[in-house]
Structures are given as C-alpha cells and as structure tokens.
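Take a look at the structure set out below.
The values are calculated or read from the model by the stated rules, or taken from the named source; none is laboratory data. Because the structure is a prediction, the values reported are computed rather than measured. Ideal geometry is used to build each Cβ from the backbone, glycine not excepted, and the neighbour counts take in all protein chains shown. Just the protein is used for accessible areas: all its heavy atoms, side chains included, with ligands, DNA and RNA removed. Shrake-Rupley method; radii C 1.70, N 1.55, O 1.52, S 1.80 Å.
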Amino acid sequence: MTVSDTIAAISTPPGEGAIALVRISGPNAIEIADKIFRGKEPASGFASHVQHLGEIFGAENQLIDQVVLSVHRAPASYTGEDLVEISGHGGALVSAKVLEACLRAGARAARPGEFTERAFLNGKMDLTQAEAVIDLIRARTDLALRSATEQLEGRLGDQIRKIRDALIALLAHVNASIDFPEEGIEPDEDETLCARLDSVRNEIAVLLETADQGRVLREGVRVVIYGATNAGKSSLLNRLLGYDRVIVSDTHGTTRDTIEETVNLEGVPIRLLDTAGLRASESELESEGIARTQKSLQLADLRLHIADRNMPKAEHFNSRKLSEFNGATSDPNEIVILNKSDLPEDKDWKDFPALRISCATGDGLPQLKQEILARIRRQNLRPESAIAINTRHCDCLRRALESCDRARTALGKGLSGEYVAVDLDQALRAIGEVIGVVDVEQILDSVFSQFCIGK
Ligand SMILES: Nc1nc2c(ncn2[C@@H]2O[C@H](COP(=O)(O)OP(=O)(O)OP(=O)(O)O)[C@@H](O)[C@H]2O)c(=O)[nH]1
Ligand SMILES: [Mg+2]
C-alpha cells in the first residue's frame, strides 16, 4: 500500500539536547530536502544511508542551522518510503524552524505514530512489531526491554503466522470438501482434522496464558501494603524504594490516601501501593482513605499484610482463621509481615508464622524481597518469559479460541462442512487482526491455487 503525501516531524523529545532529529517521509521527501538543504551537492544526488554536512535555509533564504542530512531511499527505510533525516543542533526553536522549512517546502506535519504506521502499511513490520516499538520506548526494566525487542524482532508475529497458516490449511481442506463433495474427505481424515484443530487451539491457549506476563511487563505487578495504623507501611514503602517518599510518623493515621510508586525488583517492575491504615475510623476523610485501601486490595496481585509486633495482635488478625496466615501455602497472594523486629515481641505473636523484619534497621528486608519475587513467580506471572501479549492481542486470541472451539464442536458432531468453515473463517480473521492482516480471501486464493484440486 502506498501513501501519497509527505510527512515531517521532529523525532527527538522537546527541550534542549545535543542533537535534534527532523524526519521527512513520503514521495516528495528528497525533493523537499533539495529545496531547503545546501551542501556540496544536492540531496537528490546522495547515495542512500550516507550522511552529508550542509546547511538548512528557511523563508527568504535565512540560514537556520548547520546540519547532517541523510537520504534513505525506498523501500530500504524505516517507513518503506523515501525518508530524509536531518540532524541539527538540539534547541527547541532551531528544530521548530527546520520543521517549519520542511512544511513550507511541501510536507505535512505528521500525526503521532505516523512514521511507524507507514512502516506497517508498507509491510515493513506487522502490527505486533509496531506495538513493540511503543513497548520498547516505554520499557522501564531489562525484562520489559527484552520482551519488547523480541516482539520487535517478530517472535510473537512468527507464532501468530504459524497459527494462521495452520488455520488456513484447515479451512482450505474443509472448503475443498464443500466445493468438491465427490472428492470426499475420508472418514479418517476427519480425525486428522480434529487433531490438527486441537493442536491449533492449544497454541492459541498457550499464547493467551502470557497475558498476565504482558500486563506485568507493561504495567508492573500490583503489590499492596496494608495493615493497622502505625504498623510501618509507609516505612516499608520507603525502604523498598530506597528513599523517603512518604511521610512516616508515630501518629496513627498518618497516611490518608493510597500512594503508588514503581520499584524495580531484579528486573520485575513492581507497582507498590502504600495505603491508609486500617482502624475504626474517626473522621470522614480517614474512612474515605480506608475505603480506598479496600478497593486497592481487590485489585492487588500480591498483598503485604504488615503488623507491629511490639503491639498486641489487632482485631482483624483474630477475625480471620489462623490457618489463613500459616505460611506460604495458605494464601499465595498474601505475605504476612511482623515489623519492628528491633523491638520486643508482644506475647500475642508467640510462634506466629510470619516474616519478621525491621524497617528501622533493614533486618529481614532481603528475605522479604526474595519472598515477593517467589510469590510473583508462583502466580502465573513469569516475567522472565519473553513472549507477552497485550490486551488487544488477548481480545483477538480469545475470539479466535472461541471460534476454534465452535468449529471443533461442529466437527465432532459431524455437521456439514459449511458450519465448520464459518467458525474457522472467524478464527482466522481474529488471528489475522493480531498482526494486522484481515484479507483472508486473498490468502485462501493463493493457497487454493497450490492445492491439487484439479487432479
Ligand atoms: N522501632 C521501629 N520503629 C519503626 C519501624 N518501622 C516503622 N517504625 C516507626 O513506626 C511509626 C509508624 O510508621 P509508619 O511507617 O508511618 O506507619 P504506617 O503503617 O504507615 O502508619 P499509618 O500511615 O498511620 O497507617 C513511625 O514512628 C516509624 O518511625 C521499625 O522497624 N522499628
Ligand atoms: Mg503510613
């Protein structure tokens, strides 16, 4: 697909920097460069991908900047179109003037993401790769970065194409039996079809299982710290963060709202939430804070229930069965912590199974970090796995899975091929949406032409 107009934009972030990059992409990119650039020779004479020194001129021949310019000829460019890159001095005004010169010479200001959109439309990358560009830019931990680069390399796209090819072959087979009933499909082929469909279904299900990982890598694991007032929740958040982010004081009810910060625990992004302490509220403001605590608890991937071991056991500990707190196996989503291990322990806590730490001395914190990571790994969150789908992929794959299931039921019941074909076609479309290919007919044609039907 070709796009007819030529776009330009400042590709570097706003503000001062060593260099600012202005990009022009489209059929007139090189012609526009010729109009605004003066060097030893015109830009149109440049070999592709070679940088040349020169100057950019604006309206009324006004010199704007000394720059390095390179021409990237189609199709060997990021967008797949003729692309010009101008590296100038990194000032907000000077780069705006270079862009203005491009627009004056005939380019249109690009919309956000339009360069990558063109790369997709020109077949330089599939949709999963285009999305990986955003993930890559937003990645905050090594793991998120690795997942994004692998997706950019096409690992997810390759898996989707494999599933898609298998579905196309299945659909072609079913269609053949509809169009040429006299050719017949042997009864044992029916079984083979079922087996093939089952294996496609499995591959989709395996990808769907990576949805939680995708969320972890893109958004972080939600870990909520809660417990009675004055237990040391805010102190724990500060400790895990490594600096004093939240106010800590011995006044009960210091924290009135939920406070969120991101921590990087061995490459796993953690969204750590400090909450208002639980107690019979004295003010409306505090009740609102406690209501928020309860809401965050519902959305938590992992809860850190913290208590002051120097104080008697609070009511809410007693109201729950002790078995619920009995170490790792009882509630995999909750770690019970007894804080202030530098102080004597109240007799209420004798032999109470919990992780003992001190936010004052740092005692027990390495163990707590390891326990948090272990719990995250135990819940289907495996941040070390590189493939991780996003919400959009998840939606497409779920629909594909449902359609496969319907096709499988139809096949199992021995229903006519038309029924199976409709469901397979829907599965194929849903899978195609993941990588941005929706034109199923065209592919089916190409498959059919190779299918030895005219024997
Ligand atoms: N001795 C000792 N004191 C601690 C420890 N951790 C926290 N504290 C103190 O306990 C008091 C309460 O700490 P916070 O972190 O504000 O407690 P909180 O749970 O956030 O309290 P609220 O926000 O009121 O719910 C402060 O005076 C802290 O300095 C610890 O490990 N040992
Ligand atoms: Mg607090």
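May I ask you to list the residues in the stretch 213-239 that are open to solvent by 60 Å² or more (accessible area, probe 1.4 Å) and either more than 30 Å from residue 354 (Cβ to Cβ) or away from ligand 2 (no atom under 16 Å from the Cβ) (or both)?
Selection gives 218, 219.
Among (1) closer than 30 Å to residue 144 by Cβ; (2) modelled with pLDDT of 90 or more; (3) crowded, with 18+ Cβ neighbours inside 10 Å; (4) not polar (S, T, N, Q), which single condition is residue 242 missing?
(3)
When you scan the stretch 249-285, how many residues do you find that are open to solvent by 30 Å² or more (accessible area, probe 1.4 Å) and within 16 Å of ligand 2 (Cβ to nearest atom)?
17
Given the residues 193, 217, 240, 273, which is the only one that is part of a strand (DSSP E or B) and out of contact with any Gly (no Cβ under 8 Å at 6 or more places or on another chain)?
273 is the lone residue from the list that is part of a strand (DSSP E or B) and out of contact with any Gly (no Cβ under 8 Å at 6 or more places or on another chain).
Looking only at the stretch 112-164, which residues are out of contact with any helix residue (DSSP H, G or I) (no Cβ under 9 Å at 6 or more places or on another chain) and open to solvent by less than 30 Å² (accessible area, probe 1.4 Å)?
Listed by number, the residues that qualify are 114, 115, 118.
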